[in-house]
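A.B. asks: Below are the structure tokens for one structure; questions will follow.
Each value in this text was obtained by applying a stated rule to the coordinates, not by laboratory testing. Owing to the predicted nature of the structure, the values given are computational and were not obtained by experimental measurement. Quick reminder, even Gly has a Cβ in these numbers, built from the backbone with ideal geometry, and neighbours come from all protein chains shown.
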Ligand SMILES: *[C@@H]1O[C@H](CO)[C@@H](O)[C@H](O)[C@H]1NC(C)=O
Ligand SMILES: *[C@@H]1O[C@H](CO)[C@@H](O)[C@H](O)[C@H]1NC(C)=O
Ligand SMILES: *[C@@H]1O[C@H](CO)[C@@H](O)[C@H](O)[C@H]1NC(C)=O
């Protein structure tokens, strides 16, 4: 998970919560609604353009400047190469929502660093877009601090091996996309990666070689020390769990608190295999079919009497669209609903089912009836404009940062087409979603050779404080099994299971989970082993008072803390602001 063009500030869903009845407004919940950069119907540029990072001089100390809205920003100098600490510097861009308590009071508990995933996701965007809710969940004693990992966004140097935005639009990695064998896509993808990575080597090798998770872990320690604190407090999601587990293995004595949430199989990641992510993807999909059948035609527009019917209907739709893409004209742009776009839309919806399933069902029903526009509008991009980020240097979160981090971190992969074809076959035999997931490893075909002296395991450690891991029972890209496996390397760590579909705990409204998050950060309390947290609300029933879960809350008065935490996690899980353009 991580950030993207969808830095839309558009909050399309309002959750109304009273202390007694949890009630979701029955308006239009449209998943990853619309639009990159679209706000109401005017074009805006998310967090861009409002604030100049260059106005902050890089420093070894923390000097905070007001920025964005109710945020503070700073730039910290760190060694570009930690083996050569007196050499060149990198500059890490950070944004925080400060604690409600001044640093010189006994209530102040220091920063919690957050990472939204990616790799290549921007922690600055994460805190600008979602910091309030994160801050509410952990409590007012802490700063919530997001940073752009080295290579990413506003940190310097930035991975950017295209020279213009137009070049990137034409040739840049498009994170995930479908490789359709009937069109020869596998071989084309191989050739595309080869030429783009040749460009990377030619243009940016000196920068690229310093971009890896090992060095970002060291940067996190520097950020912590710059706050005058010895030990890290951290909450990392998705790829952020790779970063957390790496930190914990490298610096087991420097952990005050660490939550890793939506946990990646770290060994699989460092082997550049990406073979263990899709274990529960179909389980998440099945929850769509089951939920839709159970919800009935009023609440699920793609309803059919049984889950099997719905599944069959979706397969028919895939086949029909593959044969005959649907042309679409909207107010802002035009394009096609083709097989790639349909599969990507369904796949992305699995990351955040509470926000996206009802809208997905409507979009699919419309598409089946011949109208592709609603589904198209859910993923509509402002048509590419040449003057976009060229005029605004330093603010673009480039797509190639992802490739730089994951290809540097992982083992080199074989370069031949035959090897990639074999890999593609292997992945698609294991899961139908292999047809898009295989594009991640493809980014590393022909990646420049850099010395691999960074930490690559083992992922074990007797940590100075036990780690809390969170895994969902049906996470489409980070299966619960990976959380359990990772936990084994860190004695005393506990896996909290959230019984929900979606990617990471932020994907579903669980008061139970987020109360454990708060208790862990504030009191150091870990859940008992085998704790399972449920969620409040149901996937399709937007007319809230129907569901049993809501009934449970009738007559149970929430404390004001619970009320706040529930409102925050509901807002997050229902929001279109959660980033999805990165795989993890
Ligand atoms: C980092 O610095 C050391 C010491 O100067 C050097 O040997 C090493 O090659 C550098 N690492 C990279 C990735 O350039
Ligand atoms: C979905 O399946 C049902 C039952 O098999 C069928 O009657 C219906 O026409 C299908 N709908 C679509 C849109 O394919
Ligand atoms: C952690 O501590 C245990 C018990 O002292 C020891 O057996 C184990 O080797 C340690 N693990 C690591 C990674 O240091």
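A.B. asks: Could you order the peptides 459-469, 199-209, 144-154, 341-351 from most to least packed, using the average number of other C-beta atoms within 10 Å per residue?
C.D. replies: Details: 459-469: 20.5, 199-209: 16.6, 144-154: 27.8, 341-351: 23.1.
So the peptides 459-469, 199-209, 144-154, 341-351, ranked by packing, come out 144-154, 341-351, 459-469, 199-209.
A.B. asks: Could you tell me what percent of the DSSP beta bridges with both partners in the chain are antiparallel, to the nearest 5?
C.D. replies: On the way: 25 of 52 bridges.
Restricted to the chain, the bridges split so that about 50 percent are antiparallel.
A.B. asks: How big is D, in µm² s⁻¹, for segment 419-541 by Stokes-Einstein at 25 °C and 0.890 mPa s if Rh is the Kirkwood radius over C-alpha pairs?
C.D. replies: Working: Rh = 17.2 Å.
The diffusion coefficient I find is 143 µm²/s.
A.B. asks: Just from its helices, what would the mean residue ellipticity at 222 nm be for the chain, if runs of 4 or more DSSP H residues each count -39500 (n - 2.57) and the sum is divided by every residue, rounded to the nearest 500 deg cm²/dmol? Show your work: numbers first, answer last.
C.D. replies: Working: 18 runs with 217 residues, N = 584.
Mean residue ellipticity, 222 nm, calculated: -11500 deg cm²/dmol.
A.B. asks: R0 = 56 Å: FRET efficiency of residue 320 with residue 449, Cβ-based, nearest 0.05?
C.D. replies: Details: r = 45 Å, r/R0 = 0.81.
About 0.80, to the nearest 0.05.
A.B. asks: What percent of all Cα-Cα pairs in segment 258-347 falls in each 5 Å bin, counting up from 0?
C.D. replies: Spelled out per bin, shortest first, that is 3, 12, 14, 15, 15, 15, 13, 10, 4, 1.
A.B. asks: OK, next. Hey, rough spin-label estimate for residue 488 and residue 225, points 7 angstrom out along Cα→Cβ, what's it come to in nanometres?
C.D. replies: 3.4
A.B. asks: Between residue 559 and residue 203, what is 0.36 nm times their sequence separation minus the Cα-Cα distance? Round to one decimal in nm. Spell out each step's value before the answer.
C.D. replies: On the way: separation 356, 0.36 × 356 = 128.16 nm, distance 5.66 nm.
Roughly 122.5 nm would be gained on extension.
A.B. asks: Over all directions, what mean area does the Cα convex hull of segment 284-402 project, stated in square nanometres?
C.D. replies: Values: hull surface 36.1 nm².
With the hull built on Cα positions only, its mean projection is 9.0 nm².
A.B. asks: On to the next question. Given 4 °C and 1.567 mPa s, how large is the Stokes-Einstein diffusion coefficient of segment 394-482 in µm²/s, with Rh as the Kirkwood radius over Cα pairs?
C.D. replies: Values: Rh = 16.1 Å.
D = 81 µm²/s.
A.B. asks: Full-extension gain between residue 426 and residue 163, please, as 0.36 nm times their residue separation minus the C-alpha to C-alpha distance. Walk me through the numbers on the way to the answer.
C.D. replies: Numbers: separation 263, 0.36 × 263 = 94.68 nm, distance 3.56 nm.
This chain segment gains 91.1 nm when fully extended.
A.B. asks: May I pose another question? Can you tell me the alpha carbon radius of gyration of segment 163-302 divided by the globular rule-of-thumb value 2.2 N^0.38 Å? Let's see the in-between values first.
C.D. replies: On the way: Rg = 20.9 Å, N = 140, 2.2 N^0.38 = 14.4 Å.
Taking N as the residue count of segment 163-302, the ratio is 1.45.
A.B. asks: What distance in nm lies between label points placed 7 Å from Cα along the C-beta direction at residue 530 and residue 382?
C.D. replies: So the label points at residue 530 and residue 382 sit 5.4 nm apart.
A.B. asks: How high is the relative contact order of segment 446-518? Use alpha-carbon pairs under 8 Å, at least six apart in sequence, and give a whole percent. Mind showing how you got there, number by number?
C.D. replies: On the way: 97 pairs, mean separation 22.4, N = 73.
The value is 31 percent.
A.B. asks: Just from the alpha-carbon atoms, what are the Rg and Dmax of segment 81-198 in angstroms?
C.D. replies: Cα radius of gyration and Dmax of segment 81-198 are 19.8, 65 Å respectively.
A.B. asks: Let me ask something else about it. Sequence gap at least 6, Cα distance under 8 Å: using those rules, report the relative contact order of the chain to the nearest whole percent.
C.D. replies: On the way: 1289 pairs, mean separation 141.6, N = 584.
RCO, the chain: 24 percent.
A.B. asks: Which shape class applies to segment 477-539: rounded if a/c is under 1.5, otherwise prolate when a/b exceeds b/c and oblate if not, where a ≥ b ≥ c are the square roots of the Cα gyration tensor eigenvalues? Walk me through the numbers on the way to the answer.
C.D. replies: Details: a/c = 2.21, a/b = 1.20, b/c = 1.84.
In terms of gyration-tensor shape, oblate.
A.B. asks: Please compute the length gained on full extension between residue 336 and residue 104, using 0.36 nm multiplied by the number of residues separating them and subtracting their Cα-Cα distance. Before the final figure, lay out each step's value.
C.D. replies: Numbers: separation 232, 0.36 × 232 = 83.52 nm, distance 5.75 nm.
Working it through step by step, the gained length comes to 77.8 nm.
A.B. asks: Please find the FRET efficiency linking residue 54 to residue 192, where r is the Cβ-Cβ separation and R0 is fixed at 30 Å, and quote it to the nearest 0.05. Write down the numbers at each step before the final one.
C.D. replies: Working: r = 34 Å, r/R0 = 1.12.
E between residue 54 and residue 192, to the nearest 0.05, is 0.35.
A.B. asks: Using a Debye calculation, one point per C-alpha and no hydration shell, please list log10 I(q)/I(0) for the chain at q = 0.05, 0.08, 0.09 Å⁻¹ in order.
C.D. replies: With one equal scatterer per Cα and no solvent, log10 I(q)/I(0) is -0.19, -0.50, -0.65.
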